[in-house]
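Q: Handing you a structure now.
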Amino acid sequence: MTADALTDVAGVRVGHATRAGAGWLTGTTVVLAPEGGAVAAVDVRGGGPGTKETDALDPRNVVQRIDAIVLTGGSAYGLDAASGVMAWLEERGRGVRVGPDPAHVVPVVPAACVFDLGRGGDFRARPDAATGRAAVEAAAREPGGPVPQGCVGAGTGAVVGQLKGGVGTASTVLDSGVTVAALVVANAAGSAVDPETGVLYGELFGGRVRYPEPEVHEAALRRLAEVAARHAAPPLNTTLAVVATDAALSRAQAQKLAGTAHDGIARAVRPVHLLSDGDTVFTLATGARPLDPADPLALNEVLAAGADTVTRAIVRALRSAAPTDGPGGSWPSYGELYGER
């Protein structure tokens, strides 16, 4: 039985550190790879990214495997959370070996941030190394299985358009037995809702669609217009994702998966990849299941599934989010406006 989560890829763990209240509305999420690390890649499409160690993932460069990925709030300040994860890994001898002693390692911890500064009321309340350490410790404690979604970790202060955003996750098992899964921090400048009907864009790709009643949608539009009037500052946002698989991928194939997975964001958010976004997708491939060399479409199936799971994860982020009302601003949730349906 699967959890329909990133942790369905054997050995991958997720931990959140959440700070809310007393001026805080932010946090950090860590994706921890199995012992020995995983092949990793990244594709950055947004015009305003905030990242760390992404160059190390270029297939032309020396690092072959990584042990953790950090997704964090706090804009560029929050990238300091990766330092706490590095320290935790170093203590366990996990990282790139750089000397004769097994303890001589340099953990490579790619990280990316979302903009949520001031959304809890205090502009200086943002994740730091201690937050990152708390998140990786939470990941290490988790046995796998369900992953908390909604306003947790890096999604605590997330906003999508004028709706409350958050963390969502999803997975699928292909006919080949390969598992592909995604975890997303939905924090986009664009909208996730079709303005004509009120349906989440991402649900248009998921089979049967239940449309809101016209009067419900009209009331939601009025509420969203009020929210937009209160938040006059231009949006500074970013959608982050980690797509993981147990397929054996080369670093170049993993990078291709990161690129095609961006299509999953484009299906669920419009417009996407704007100058005010920092949209970034990481991939992890544990290599437990070799692709069938006799099947030329085996990799294509993994690529398509990556995009599909990202779309579903964004939908789940929106549906799991809770409304926020505080000194830094008020954002309704999709469920509050439209119900569960």
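The values are calculated or read from the model by the stated rules, or taken from the named source; none is laboratory data. Here the structure is a predicted model, which is why all the values come from computation and not from measurement. Virtual Cβ from ideal backbone geometry, glycine too; neighbours counted across all protein chains shown. What goes into the accessible areas is simple: the full protein's heavy atoms, side chains included, and nothing from ligands, DNA or RNA. Shrake-Rupley method; radii C 1.70, N 1.55, O 1.52, S 1.80 Å.
Q: Identify the single condition in (1) without any contact (Cβ under 8 Å) to a residue 24 or more places away in the chain; (2) open to solvent by less than 20 Å² (accessible area, probe 1.4 Å); (3) of a type in the set (S, T, N, Q) that Asn300 does not satisfy, given that it satisfies every other one.
A: Failed condition: (2).
Q: Condition first: open to solvent by 60 Å² or more (accessible area, probe 1.4 Å) and either of a type in the set (D, E, K, R) or modelled with pLDDT under 95 (or both). Can you find one or more residues in segment 7-21 that meet it? Before you say what the answer is, go through the steps one by one.
A: If we filter segment 7-21 for residues that are open to solvent by 60 Å² or more (accessible area, probe 1.4 Å), which is where we start, we get 10, 18-20.
The next check asks that each one be either of a type in the set (D, E, K, R) or modelled with pLDDT under 95 (or both); those that pass are 19.
Yes, segment 7-21 contains at least one residue that is open to solvent by 60 Å² or more (accessible area, probe 1.4 Å) and either of a type in the set (D, E, K, R) or modelled with pLDDT under 95 (or both).
Q: Then there is this: Hey, among the residues in segment 125-145 that are open to solvent by 20 Å² or more (accessible area, probe 1.4 Å), assigned to a loop (DSSP other than H, G, I, E, B) and touching a residue at least 24 places away in the same chain (Cβ under 8 Å), which one's nearest to Val70 (Cα to Cα)?
A: Filtering segment 125-145 for residues open to solvent by 20 Å² or more (accessible area, probe 1.4 Å) gives 126, 128-130, 133-134, 137, 140-143, 145.
Pick out the ones that are also assigned to a loop (DSSP other than H, G, I, E, B) and you get 126, 128, 142-143, 145.
Filter again for touching a residue at least 24 places away in the same chain (Cβ under 8 Å), leaving 126, 128, 142, 145.
Values: Arg126: 14, Asp128: 12, Glu142: 16, Gly145: 20 Å.
Selected residue: Asp128.
Q: While we're looking at this one, here's another question. Taking only pairs six or more apart or across chains, which ones have beta-carbon atoms under 6 Å, a first residue in segment 32-51 that is within 20 Å of Ala5 (Cβ to Cβ), and a second residue that is in a loop (DSSP other than H, G, I, E, B) and open to solvent by less than 20 Å² (accessible area, probe 1.4 Å)?
A: Ala33/Asp67
Q: Here's a follow-up. Here is a list of conditions, (1) over 25 Å from Glu196 (Cβ atoms); (2) not in a helix (DSSP H, G or I), and Ala258 meets all of them except one; can you say which number that is?
A: So the condition that Ala258 fails would be (2).
Q: Here is a further query. Counting only residues that are open to solvent by less than 40 Å² (accessible area, probe 1.4 Å) and more than 12 Å from Ala244 (Cα to Cα), which one in segment 273-290 is farthest from the chain's Cα centre (by Cα)?
A: If we filter segment 273-290 for residues that are open to solvent by less than 40 Å² (accessible area, probe 1.4 Å), which is where we start, we get 276-287.
Next, only the ones that are more than 12 Å from Ala244 (Cα to Cα) stay: 276-280.
Working: Ser276: 17, Asp277: 14, Gly278: 12, Asp279: 10, Thr280: 9 Å.
Across segment 273-290, the extreme among qualifying residues is Ser276.
Q: Right, something else. For the list (1) in a helix (DSSP H, G or I); (2) under 15 Å from Ala321 (Cβ atoms); (3) modelled with pLDDT of 95 or more, I need the number of the one condition that Leu224 fails.
A: Of everything listed in (1) in a helix (DSSP H, G or I); (2) under 15 Å from Ala321 (Cβ atoms); (3) modelled with pLDDT of 95 or more, Leu224 misses just condition (3).
Q: In addition: Kindly indicate which of Ala181, Ala219 is part of a helix (DSSP H, G or I) and touching a residue at least 40 places away in the same chain (Cβ under 8 Å). First the steps, then the outcome.
A: Details: Ala181 fails: part of a helix (DSSP H, G or I).
Matching residue, one of Ala181, Ala219: Ala219.
Q: For Pro148, are the conditions met, namely being in contact with a His (Cβ under 7 Å, 6 or more places away or on another chain), in a loop (DSSP other than H, G, I, E, B), closer than 29 Å to Ser75 by Cβ and open to solvent by 10 Å² or more (accessible area, probe 1.4 Å)?
A: Details: in contact with a His (Cβ under 7 Å, 6 or more places away or on another chain): yes; in a loop (DSSP other than H, G, I, E, B): yes; closer than 29 Å to Ser75 by Cβ: yes; open to solvent by 10 Å² or more (accessible area, probe 1.4 Å): yes.
Answer is yes for this residue.
Q: Next question. Which condition does Glu196 not pass, out of (1) free of Cβ contacts under 8 Å to residues at least 60 places away in the same chain; (2) out of contact with any helix residue (DSSP H, G or I) (no Cβ under 8 Å at 6 or more places or on another chain); (3) outside any loop (DSSP other than H, G, I, E, B), if it passes all the others?
A: Glu196 satisfies all of (1) free of Cβ contacts under 8 Å to residues at least 60 places away in the same chain; (2) out of contact with any helix residue (DSSP H, G or I) (no Cβ under 8 Å at 6 or more places or on another chain); (3) outside any loop (DSSP other than H, G, I, E, B) except (3).
Q: Which of the residues belonging to segment 232-258 are open to solvent by 10 Å² or more (accessible area, probe 1.4 Å) and either closer than 19 Å to Gly287 by Cα or modelled with pLDDT of 95 or more (or both)?
A: Residues satisfying the conditions are Asp246, Ala248, Leu249, Ser250, Arg251, Ala252, Gln253, Gln255, Lys256.
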